[in-house]
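For reference, the structure discussed in these notes is given below.
Every number here is computed from the coordinates shown, using simple stated rules; none is lab data. Just so you know, these numbers come straight off a predicted model, no measurement behind them. We place every Cβ from the backbone using ideal geometry, glycine too, and count neighbours over all the protein chains shown.
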Amino acid sequence: MAGLNNPFRGLLPFEEQHAALFFGRDKEIQEVASRLERQRLLAITGVSGSGKSSLVMAGVVPMLRAGLIPKLGTQVRVALMKPRGGPLFELQRQLSQALEREVKQEDLTRTTYGLVDVVKPLSPDESLLIVVDQFEEIFSYRKQHLSNDGGAVADRFMTLLLRATEQAEIPIFVVLTMRSDYLGACAVFRGLPEALNNAHYLVPKMTRLQLQEAIEEPLAAAGTSIHPGLVQQILNECEEEPDYLPVLQHLLFRMFEQGALASKLGPETKG
């Protein structure tokens, strides 16, 4: 649509800067926030394309930034990482950015409580949230480097996270996003299956009403609307599609770009 920014993400996940366009997951955001008030480690799991990363980054993280989860403090520093490039390297790099000071890898790995030690200078009203997005990458990384290090790097990384969330002195929270079909693979890390038994949130399928909100509200935020009949047609088709969220977002993104939604605007928005 000419003159309007596309409010849909297509095949890309929603990130923190897209929070104002992220709709339909209020219930799940509150549930995850409630879990984080009770526990330091939480795995957000679901099938591929279920919106795990978007839920965390565009839903939960902005809520934390706004200080709406008092038990995590009024100021939350966020370190977002993916294991693919080397879990210890990525953790060190993202911690340096989140803490706004250099974190050396040798300090981080000096003891099993290295993560706790490097975070200790946090002020009393601050906490640290480490988001390990696409956590399943750790399994392929460990396998690929098994002949070189015997899995030591991946194992040390996991130990650092577990030790940091087992202690209560320093407010460190860890959220993992992971495809649910990798849950069984977690047994390769000592202590992780036990930790996840009480720290696992399975992202549910969105209801029809939630999907409708995810279609209509971004358009409203962009200053336009969509014909109710077209919304119902799209919702009906979503029910037959197993990987419906990426397909839905891609469809809406393309239709918006091509002006197909503009031709279906309600009478009140025409002219």
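Once you mark the GluC sites (Glu not before Pro) that are in a DSSP loop and have at most 16 other Cβ atoms within 10 Å, what is the longest gap between them in the chain?
Segment 16-99 is the longest.
What number, rounded to the nearest 500 deg cm²/dmol, is the helix-based mean residue ellipticity at 222 nm of the chain, given -39500 (n - 2.57) per DSSP H run of at least four residues and division by all its residues?
-12000 deg cm²/dmol
At each listed q (0.07, 0.13 Å⁻¹), what is the log10 of I(q)/I(0) that the Debye formula gives for the chain modelled as equal alpha-carbon point scatterers?
-0.29, -0.88
For E237 and R110 in one chain, what is 0.36 nm times their gap in residues minus the Cα-Cα distance, to one decimal in nm?
Extra length from E237 to R110 when fully extended: 40.3 nm.
With +1 on each Lys and Arg Cβ and -1 on each Asp and Glu Cβ, how big is the dipole of region 125-218 about its Cα centre, in debye rounded to the nearest 20?
Roughly 480 debye, rounded to the nearest 20.
Under a 5 Å amide H to amide H cut-off, with H placed in plane at 1.01 Å, what residues pair with I130 once short-range neighbours are removed?
Those lying under 5 Å, H to H, from I130 are A79, F173, V174, V175.
Along the charge dipole of region 1-114, pointing to its positive end and built from +1/-1 on Cβ of Lys, Arg, Asp and Glu, which listed residue (F22, L11, S48) has its Cα farthest out?
Positive-end residue among those listed: S48.
Full-extension gain between T74 and N5, please, as 0.36 nm times their residue separation minus the C-alpha to C-alpha distance.
21.6 nm
Filter the cross-link list K27/K205; K52/K205; K143/K205; K27/K52; K82/K120; K82/K143 down to pairs whose alpha-carbon distance in this structure exceeds 20 Å.
From K27/K205; K52/K205; K143/K205; K27/K52; K82/K120; K82/K143, over 20 Å: K143/K205; K82/K120.
Cross-link partners among aspartates and glutamates for K71, C-alpha distance below 17 Å, same-chain residues fewer than 8 apart left out?
E31, E37, D125, E126, E166, E169
Would you please give the residues with an amide H less than 5 Å from that of L202, counting only those at least 5 places away or on a separate chain, with H modeled from the backbone geometry?
Those lying under 5 Å, H to H, from L202 are T45.
Would you mind giving the average projected area, over all directions, of the Cα convex hull of region 120-178 in nm² with one decimal?
4.6 nm²
Please list 3J(HN,Hα) in residue order for region 124-136, calculated via the Karplus relation 6.51 cos²θ - 1.76 cosθ + 1.60 where θ = phi - 60°; whole Hz, with x for glycine and proline.
x, 9, 9, 9, 10, 10, 9, 9, 9, 7, 6, 4, 4
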